[in-house]
Amino acid sequence: MIMKERKTPQVVLILEMLLNRLHPQYPRRHEMEEELKRCLSGHKGEQSLDFYLNDLPQKDYLIFHNLRILQNNSYFEMDILILTQKYFLIIEVKNFSGTLFFDQDLYQLIRTINGLEETFADPISQVKRQFYCLRDWLKEHQYTNIPIESIVIVSNPQTQIKVSPGRSDIYKWVTHKTHLPERIRSYELKHKAERLSMKDLRKLSKLLLKKHTSPTPNILQKYQISIEDIIQGVACPKCSVIPMKRVKSKWVCTSCSLESKRAHVQALREYSLLISSTITNSQGRNFLKVSCRNTVRNLLLDLNISTSGRLRHTRYHLEFDDLRD
């Protein structure tokens, strides 16, 4: 049973929005495009495991995607956490192509593709840290003596996995996604005793969801982007050209002539992620490229969102449920 669904990472949403609202010649645009590519690859790798996770008995396996928990003043995040009455399983997903060499002498991952080598942080060390953090967090909440298994899943079945001679023990930590069902069966045979009742398991699930904290990536600060760098206006839902023009009660694209009555909603979603979670009428007029105060007031009120302040100091709180984790 899916207890926490996987959602598109917020960093992906922000990067996609920014890349559409920055000048094509923005100096660090290539860096942003590369980060977006990496994030999308990781997200796709996690999605590819759904085929195997969906085969698990729903009533016996509680599945959480991208849990992020505070422990000892720092956060740890698990790509996938599976709870059962007998054991828990942490899955770290890596979506790499080429050849992967797990160097456990220097604790690094070396990827070779098209004759080029690239070094990454050791995913085995990552998943071990997640193990210790989860174990300590569970102890703090009076959940003890529960076996925790950890594994790194390489989601691309064509990727070759290599280890140092004599280090075949590494394979207990790493495998391809096609072997995930076999690994889960081995954990079931290893852990036969029930450690938690289903009632306690669901209680723990609620606690995990309560303690989850979504990341808040500050992409503008990371890439030194100012508000002035962001192209303002309503983007066309069809061709992405900015800005659309407000003509009577609808938006009209100056490029493909698409007409829309709700295109401003996405623009305000983007404002909430890129600039601020609140907006005034004046800020709304500037961002939407609309001169009429009453028009912007009506557009904002139509969203049925909360407000604070009065008259010219009214701030509209841009609360979009589909952007929350």
Working carefully through the options K261, K238, find the one that is assigned by TED's automatic domain parsing to the domain that holds R315, over 26 Å from I305 (Cα atoms) and among the charged types (D, E, K, R). K238
Looking only at the range 264-274, decide whether some residue is part of a loop (DSSP other than H, G, I, E, B) and either more than 29 Å from the chain's Cα centre (by Cα) or aromatic (F, W, Y) (or both). no
Which of the residues belonging to the range 282-305 are under 18 Å from R269 (Cα atoms) and loosely packed, with under 11 Cβ neighbours inside 10 Å? N304
Of the residues that sit in the range 305-325 and are on the phi < 0 side of the Ramachandran plot and of a type in the set (A, V, I, L, M), which one is modelled with the lowest pLDDT? L323
Hey, can you tell me all the residues within the range 144-197 that are more than 28 Å from the chain's Cα centre (by Cα), aliphatic (A, V, I, L, M) and assigned to a loop (DSSP other than H, G, I, E, B)? A193, L196
Can S164 be described as surrounded by 19 or more Cβ atoms within 10 Å (Cβ to Cβ) and more than 24 Å from Q85 (Cα to Cα)? no
With the structure loaded, tell me whether L220 is touching a residue at least 40 places away in the same chain (Cβ under 8 Å) and not in a loop (DSSP other than H, G, I, E, B) or whether it fails that test. yes
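Quick check: is even one residue across the range 66-73 crowded, with 20+ Cβ neighbours inside 10 Å and either assigned by TED's automatic domain parsing to the domain that holds N156 or not in a strand (DSSP E or B) (or both)?
Checking the range 66-73: at least one residue is crowded, with 20+ Cβ neighbours inside 10 Å and either assigned by TED's automatic domain parsing to the domain that holds N156 or not in a strand (DSSP E or B) (or both).
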Taking the range 184-212 and the residues there that are surrounded by 14 or more Cβ atoms within 10 Å (Cβ to Cβ) and hydroxyl-bearing (S, T, Y), the one that is nearest to M1 (Cα to Cα) would be S205
Give just the number: which of (1) touching a Cys at 6+ places or on another chain (Cβ under 9 Å); (2) closer than 27 Å to S150 by Cα; (3) of a type in the set (A, V, I, L, M, F, W, C) does L56 not satisfy? (1)
Could you say which residue among F101, F96, F131 is in contact (Cβ under 8 Å) with a residue 12 or more places away in the chain, assigned to a strand (DSSP E or B), of a type outside the set (K, R) and in the same structural domain as E77 (by TED's automatic domain parsing)? F101
Close pairs (9 angstrom Cβ cut-off, 6 or more residues apart or separate chains): farther than 17 Å from K139 by Cα in the range 73-90, part of a strand (DSSP E or B) and among the polar types (S, T, N, Q) anywhere: E77/N66; M78/N66; D79/N66; I80/N66
Candidates S226, S272, S257, S277, filtered to the one that is under 23 Å from H317 (Cα atoms) and free of Cβ contacts under 8 Å to residues at least 12 places away in the same chain: S226
Checking Q25 against (1) within 21 Å of I231 (Cβ to Cβ); (2) assigned to a helix (DSSP H, G or I): exactly one of these is not met. Which one? (2)
Among the listed residues P181, P147, P237, P215, identify the single one that is touching a residue at least 12 places away in the same chain (Cβ under 8 Å), surrounded by fewer than 17 Cβ atoms within 10 Å (Cβ to Cβ) and touching a His at 6+ places or on another chain (Cβ under 9 Å). P147
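The values are calculated or read from the model by the stated rules, or taken from the named source; none is laboratory data. Bear in mind the structure is a predicted one, so any value in this text is a computation, not a measurement. Here the Cβ is made from the backbone with ideal geometry for all residues, glycine too, and neighbour counts use every protein chain on show.
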